[in-house]
Amino acid sequence: MKKSILWCLTLLFTYQINAQSDQTLFGSSGIDFTGVWAGNTSNINESDGDYGVFHGGYVFLEFNKFLTVGYQSYGLIEDDLEMKFKGVHLGYAPQSYNVVHPVFNVCAGGGRFKSQLEDGYKDNVFAVQPSLGVEVNVVKWFR
């Protein structure tokens, strides 16, 4: 009999502990901040058989381990031209809990194109840069 009473009290106590979690009228938004990504990057560009390298950097905030929102900036300085652009980044990593999973990103923003030739041509540009990649979860804090 003592065991039955003790067992019932244990179950009741366990239920009460679980009931102590925050409960609100409208619930939580379900959006959790899960990390920060920052770094530098280089991209190769080809135009009329001439190759150039864009160098830049980025800062992203990660939410729920699958959504990234942030800022990117790139610049290209070659012998006869200069181009810079910066923009908003959005990224989505479906099934981010798997060891290997796809990543879809897009960066869109404005910039400036400038010719280094005698004419000194300048123009504003709008750039959209989509990307597709594969991400590997090595450990919890390193992907």
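Some points to look at:
- In the stretch 72-115, the portion of solvent-accessible area held by carbon and sulfur atoms comes to 60 percent [1.4 Å probe, whole percent, DNA, RNA and ligands not counted].
- Calculated FRET value between N40 and D123, using beta carbons and R₀ = 25 Å, to 0.05: 0.40
- Taking the Cα atoms of the stretch 98-143, the ratio Rg/Rh between the radius of gyration and the Kirkwood radius comes to 1.33.
- Accessible area per residue for the stretch 19-143, computed on protein heavy atoms with a 1.4 Å probe, is 72 Å².
- The HN-Hα couplings worked out from phi for the stretch 31-40 by the Karplus form 6.51 cos²θ - 1.76 cosθ + 1.60 (θ = phi - 60°) are 9, 10, 6, 10, x, 10, 10, 8, x, 10 Hz, whole numbers, x standing for Gly and Pro.
- Taking all protein chains together and a 1.4 Å probe, the residues K114, K3 rank K3, K114 from largest to smallest accessible area.
- Computed over the stretch 31-143, relative contact order equals 18 percent, with contacts defined as Cα pairs under 8 Å that lie 6+ residues apart.
- Nitroxide proxy distance, nm - points 7 Å out along Cα→Cβ at Q116 and E78: 1.1
- Each label was represented as a point 7 Å from its Cα along the Cα-to-Cβ direction; for K65 and V138 these points are 1.8 nm apart.
- Qualifying GluC sites (Glu not before Pro) for the stretch 70-143 [loop in DSSP, other Cβ within 10 Å: at most 12]: E118
The values are calculated or read from the model by the stated rules, or taken from the named source; none is laboratory data. Small disclaimer: the values here were computed from a predicted structure and weren't measured. Here Cβ is always computed from backbone atoms with ideal geometry, including for glycine, and neighbour counts include all displayed protein chains. These accessible areas exclude ligands, DNA and RNA; they are computed on the full protein's heavy atoms, side chains included. Shrake-Rupley method; radii C 1.70, N 1.55, O 1.52, S 1.80 Å.
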